[in-house]
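A quick write-up on the structure given underneath.
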Amino acid sequence: NLGAALTSLTEAIKAAAQEDPMVAEQIATAESALGADLTEMVSWIGDGALVAGWDGSEPYAGVVIVPTDVDAADRRLGQLVTFAGLATTDPSSGITVDETEVAGQTVTTIRWQDPNAAGMEGMPVPTGISVQVTVTDDRAIIGLGESFVGRVLTLEGTDSLAAQPRYADAVAELGPTSNAGVAWMDLAGTRT
């Protein structure tokens, strides 16, 4: 239940910010721009899984969330996308937002490309970032880069981590499914 922890953390941050009027004002400005209290931005989050991996050519990372309220998830992520969309009105921001269809779901991609980037020749210095989001009937998926969300949406159940015997056997042997959290690292895959 990540949402409860994030809500508590957000409440603690807001309480601590009251000590510094400038920080409290910045939080109030952010809440005004987002159209919601910061705790409301995370209170819809239920269980979640953070995933990172390598697809053979590039890394991928993201989070799959089981919302406690799918409508709230859609509304809150939509607010963040709208907030990013406002930045696109300034071409010098380097931000773009677009939508594509993947496996019957609308996937929104927010890209930021540093307009002042002058990468060092011969050095692979990142000069931008992409974040993708979508909300399905029962999940909210947020990915860093442009492969995670599509990968999750098109993944067959038989190819998921839960279907892998090494993972399922380890979870069954080491604890019930009601664990507060499970961390799994595929050492063989990482070595490869």
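Here are some notes:
- Rounded accessible area of Leu38 (nearest 10 Å², 1.4 Å probe): 40
- Exposed-site-free run, longest, the chain (rule: GluC sites (Glu not before Pro); DSSP loop; at most 10 other C-beta within 10 Å): 20-120
- The range 128-192: C-alpha gyration tensor shape, a/c 1.5 cut-off, then a/b vs b/c: prolate
- Carbon and sulfur %, accessible surface of the chain computed with the full protein complex present, 1.4 Å: 57
- Cut-off 13 Å between beta-carbons: net charge of the residues surrounding Gly3, Lys and Arg +1, Asp and Glu -1: -3
- Cut-off under 5 Å, modelled amide H: who pairs with Gly48 long-range: Leu2, Val66
- The helix-based estimate of mean residue ellipticity at 222 nm for the chain, built from -39,500 (n - 2.57) per DSSP H run of four or more residues and divided by its residue count, is -11500 deg cm²/dmol to the nearest 500.
- Heavy-atom accessible area per residue - the chain, 1.4 Å, Å²: 65
- For the pair Ala33 and Leu9, label points projected 7 Å from Cα toward Cβ lie 2.1 nm apart.
The values are calculated or read from the model by the stated rules, or taken from the named source; none is laboratory data. This structure is a prediction, so every number in the text was calculated from the model and none was measured. Note that we place each Cβ from the backbone using ideal geometry, even for glycine, and neighbour counts take in every protein chain shown. Heavy atoms of the whole protein, side chains included, go into the accessibility calculation; ligands, DNA and RNA do not. Shrake-Rupley method; radii C 1.70, N 1.55, O 1.52, S 1.80 Å.
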